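Report on the following structure.
All of the numbers you see were taken from the coordinates with simple rules; none came from a lab. Not measured: the values here are computed from a predicted model. Note: ideal-geometry Cβ built from the backbone for every residue, glycine included; neighbour counts use all protein chains shown.
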Amino acid sequence: MIDAPLLDFDHYHRDELPARAMNAVGRQAAADVRDLGALALVVGDGAITYQPGGAMIDLRSGDDGAQVAVELSRRAWSDLVQEVRSAAALIFAGEVRLRRGTSEQLRRWQPALRALYAGVPIFDPQAVDLCDRDGRRLDLHRSFSLDDDAADPTHFLGRAGFLHVRGVFAPEEMARLRAEVDALQAAARPGDDRSWWAKEASGRQVVCRLIYAGLTSAYIGGLADDARMRRLVALSGFTLQPAPDRQEGDSVVIKNPGIVEGLSDLPWHQDCGLGGHPYTCPAVAIGVQLEDATPASGQLHFIAGTQGSSCHPFTAADLPRLPHVALETAAGDCTVHVTDVVHAAPPPQARGRRTLYLPYFPPRMFDAIGAGEAYNDIVRRRRHDGHVPHTDEILAGRA
């Protein structure tokens, strides 16, 4: 995985971070944590306290008086600063030791730290530009077809971070794709390193994701170079290429009702939420809808305009003030999303859906992340039975 330079803790806090704390994004970070207690980072023999409360975050030596005090190695801290790994990734890897406070308090600081360290702004729903090409408010439920003038879906994707394209695949193509996925799903076994598993209330394990599907199915593997997929990727304006052998490759999300353990139902997240944003973004994922996606089947939800921003975990109470969209799609439709737009897939109410995702990454990702490697490995390989725990299970110490 990514081997970034080791930073000097004292030099960084003395000579680099003070200027960052005073710029516009640094002041936004200060506003975001104004009502929180101080955070201390302890690295080796050094300690710095980040003290909120004013127009900017003050930095002082030591950890006295900090409500949250975190010990971490120089490597872990350097990775955090350089967005190689997020606070959540370090927590999941067991690379932080809490002298005081909780993991949740550290995660609450993540957007402010990212703003300070990397200059990534914190999402502001009042400031996001969600206007169409004529300056009118975007209809976030609008869908497109492959026959539409590319200028409109290109603009929509650039503003909203996602796109719904109708009728991309014919019925006979969908029948072939479903048969391929049926075969992969039937062959999956817990611990095979090609699938994720979750648990029903009865205790039965069910497969909830297939990964690296294009390496097993030649038909799925060939879709990345399909002219229609290339046209959809081109709407992003990014220079991207398929990644069948890393970052979990072509994957199939399988929604199951009644899951009580495991990461079958994805909470609000950005795909770079465990780290790697400077290397893996901007990226695009095309979702080929194998079945209809509705509220009953666990449809995909987005927070429009969140791409390129640092975001707090959203809750249902937040949604009325956010540009929240739940997409209803039909089998054969495609979704396109920029991978760091915030999205979620809540539990299905009845029979779930399946969606095949084809990822496209910038060329620099291939120099940073090797074949067979993925950021999700840190969560997926916590257990040997293929069970992929929910983040809440990890934080609660149940995984």
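Residue-wise, which Karplus ³J(HN,Hα) couplings in Hz belong to segment 8-19, taking 6.51 cos²θ - 1.76 cosθ + 1.60, θ = phi - 60°, and x for glycine or proline? 3J(HN,Hα) across segment 8-19, in whole Hz: 8, 4, 5, 4, 4, 6, 8, 10, 10, 5, x, 5.
When each of R189, R178 is scored by the number of other beta-carbon atoms lying within 10 Å, the sequence from fewest to most is R189, R178. Classification of segment 9-118 by its C-alpha gyration tensor yields a rounded form. The axis ratio a/c (a ≥ b ≥ c) stays under 1.5. Here's how it looks for A69: its modeled amide H is under 5 Å from those of A40, R99, R100, G101, which are all 5 or more places away or on a different chain. Across segment 151-395, Cα pairs under 8 Å and at least six residues apart give a relative contact order of 31 percent. Modelled this way, with points 7 Å down the Cα-to-C-beta line, the labels at A186 and D392 are 3.5 nm from one another. Taking other Cβ atoms within 10 Å as a rough exposure proxy, L17, L130 sort from fewest to most as L130, L17. Mind running the shape call on segment 289-399? Use the C-alpha gyration tensor, a ≥ b ≥ c as the square roots of the eigenvalues: rounded below 1.5 for a/c, prolate if a/b tops b/c, oblate otherwise. It is rounded, given that a/c, with a ≥ b ≥ c, falls under 1.5.
Using 0.36 nm times the number of residues separating A24 and R75, minus their current alpha carbon distance, what extension gain do you get?
Contour length minus the Cα-Cα distance gives 15.6 nm.
Placing +1 on the Cβ of each Lys and Arg and -1 on the Cβ of each Asp and Glu in the chain, which of V338, A213, A55 has its Cα farthest towards the positive end of the resulting dipole? The residue sitting most towards the positive pole is A55. Loop-located trypsin sites (Lys or Arg not before Pro) across segment 318-399 with a Cβ neighbour count of 13 or fewer within 10 Å are R351, R381, R398, with loop assigned by DSSP. Within the listed set R204, R85, R20, the Gaussian network model of the chain (springs between alpha-carbon atoms below 10 Å) gives the highest mean-square fluctuation for R204. Taking amide H as placed 1.01 Å from N in the peptide plane, A47 has its amide H under 5 Å from the amide H of G62, each at least 5 places away in sequence or on another chain. In a simple Cβ point-charge model (Lys, Arg +1; Asp, Glu -1; nothing else charged), the chain has a dipole of about 560 debye relative to its Cα centre.
So how much slack lies between L146 and T239, counting 0.36 nm per residue of separation and subtracting their Cα-Cα distance, in nm?
Length gained between L146 and T239: 31.5 nm.
Model label points for D10 and D318, set 7 angstrom from Cα along the Cα-to-Cβ axis, are 3.9 nm apart.
One chain, two ends: Q126 and D377. Fully extended at 0.36 nm per residue, the span grows by 86.8 nm beyond their Cα-Cα distance. Taking other Cβ atoms within 10 Å as a rough exposure proxy, F238, F156 sort from fewest to most as F238, F156. The phi torsions of segment 289-303, fed into the Karplus equation with coefficients 6.51, -1.76 and 1.60 and a -60° offset, translate into couplings of 7, 7, 9, 4, 10, 9, x, 6, 9, x, 5, 7, 10, 10, 10 Hz, rounded to whole numbers, with Gly and Pro shown as x. Springs between Cα atoms under 10 Å define the GNM used for the chain, and in it the highest mean-square fluctuation of G298, G65, G167 occurs at G65. Per-residue 3J(HN,Hα) values for segment 365-381, derived from phi via the Karplus relation 6.51 cos²θ - 1.76 cosθ + 1.60 with θ = phi - 60°, read 4, 6, 7, 9, 10, x, 4, x, 9, 7, 4, 5, 4, 5, 8, 5, 9 Hz in sequence order (x marks Gly and Pro). For D134 and D64, a Förster radius of 51 Å and the Cβ-Cβ distance give a FRET efficiency of 0.35, rounded to the nearest 0.05.
Tell me whether segment 115-227 comes out rounded, prolate or oblate; compute the Cα gyration tensor, take square roots of the eigenvalues as a ≥ b ≥ c, and use a/c under 1.5 as the rounded threshold. Here segment 115-227 falls in the oblate category.
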